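Computed from the coordinates by the stated procedures, all read-outs in this text should not be read as laboratory data. Keep in mind the model is a prediction, meaning the values are calculated, not measured. Neighbour counts are summed over all protein chains in view; Cβ atoms, including those assigned to glycine, are modelled from backbone coordinates with ideal geometry.
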Amino acid sequence: MPFEPTDDLVRTEYVTLASGYRISTTSVSPLLQELEAACQSGAADQVQQILERITPLPAHIPGKAQSYLARCLGVAVEQQHHHIVRAMLQRGFLPYLLSNSGIHAAFQTRNTSMLKTFIECGWDVNETGPDMSMRPLLRHAVNDALLRSFLLAHGGNPNTQNSRGLTTLETAAQWSSADVVKELLDYGGDPTADDCLIHAAEVGRLDIAKLFVERGANVNALEKVLPHPWGQRRRRTALDAAIQTNNLEMVEWLEAHGATARNV
């Protein structure tokens, strides 16, 4: 069962069955296994030598190799080998499918110095898109003072939407303290640009609703159109949301501040 040469990322083994059909199986190359071991141990010179052989990475990386490369970066992050992480990012490991494991490891351990390494190598703290789990990262750090303040200080945008169309400011409207919401507003959170007032009205957060109106939120604004499949419901106003959840104090306050519009 000979191995046919492919590239330095995967190897392919071909087997001829008794029927005459020829099938193939792929596995990661021994070189990638060496890379993982070097990332684990912190052998920077060995990592550099392997990177010189496997980069530039191809535009379409085989699935098994892609997962393994991402794991190698994650291991380097977990072991806090900053110099290795930096070398890998500078050699093409920045795209989401390769960097996600490493960013997740840094996030889970609240390792802001490692996150800073990613940023210095070109990682966009506001990256978001289809199939990007836990993005934007700020939305998932909103109630962690250390991570939230770090991300905001390094360009985190409270108005960036995730794949469902939700922003960090909208999340904070329901789940964060007034102090957190104030911090987001001070870093550019715009209550006129999303549905944060409607979210606050829905759960009866009167203190939060007051902050948003003070910063210019329109009490009669309709919910934005959300992407499929989350955008199929009828669009509500803040008054609709408060009435639906029987938040009578919120209803009275909204009406006292000019809320008249209903769409439900």
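Worth a mention:
- For residue 210, net neighbour charge (Lys/Arg +1, Asp/Glu -1) across residues whose Cβ lies under 15 Å away: -3
- Net charge over other residues, Cβ less than 15 angstrom from the Cβ of residue 245 (K, R count +1; D, E count -1): -2
- For the chain, calculated [θ]222 nm from helices alone, where every DSSP H run of n ≥ 4 adds -39500 (n - 2.57): -14500 deg cm²/dmol
- 5 angstrom amide H check on residue 12, placed H, neighbours 5+ away: 4, 6
- For residue 210, the lysines whose Cα falls under 28 Å of its own Cα, not counting residues fewer than eight places away in the same chain, are 182, 224.
- Solution diffusion estimate, µm²/s, Stokes-Einstein, segment 27-95, Kirkwood Rh from C-alpha pairs, 20 °C, viscosity 1.002 mPa s: 183
- C-alpha center-to-center spacing [segment 139-183, segment 195-248] in angstrom: 17
- Within the straight-line cut-off of under 15 Å between alpha carbons, the aspartates and glutamates reachable from residue 64 are 7, 8, 13, 36, sequence neighbours fewer than 8 places apart in one chain being disregarded.
- In the chain, Cα pairs under 8 Å separated by at least six residues give a relative contact order of 10 percent.
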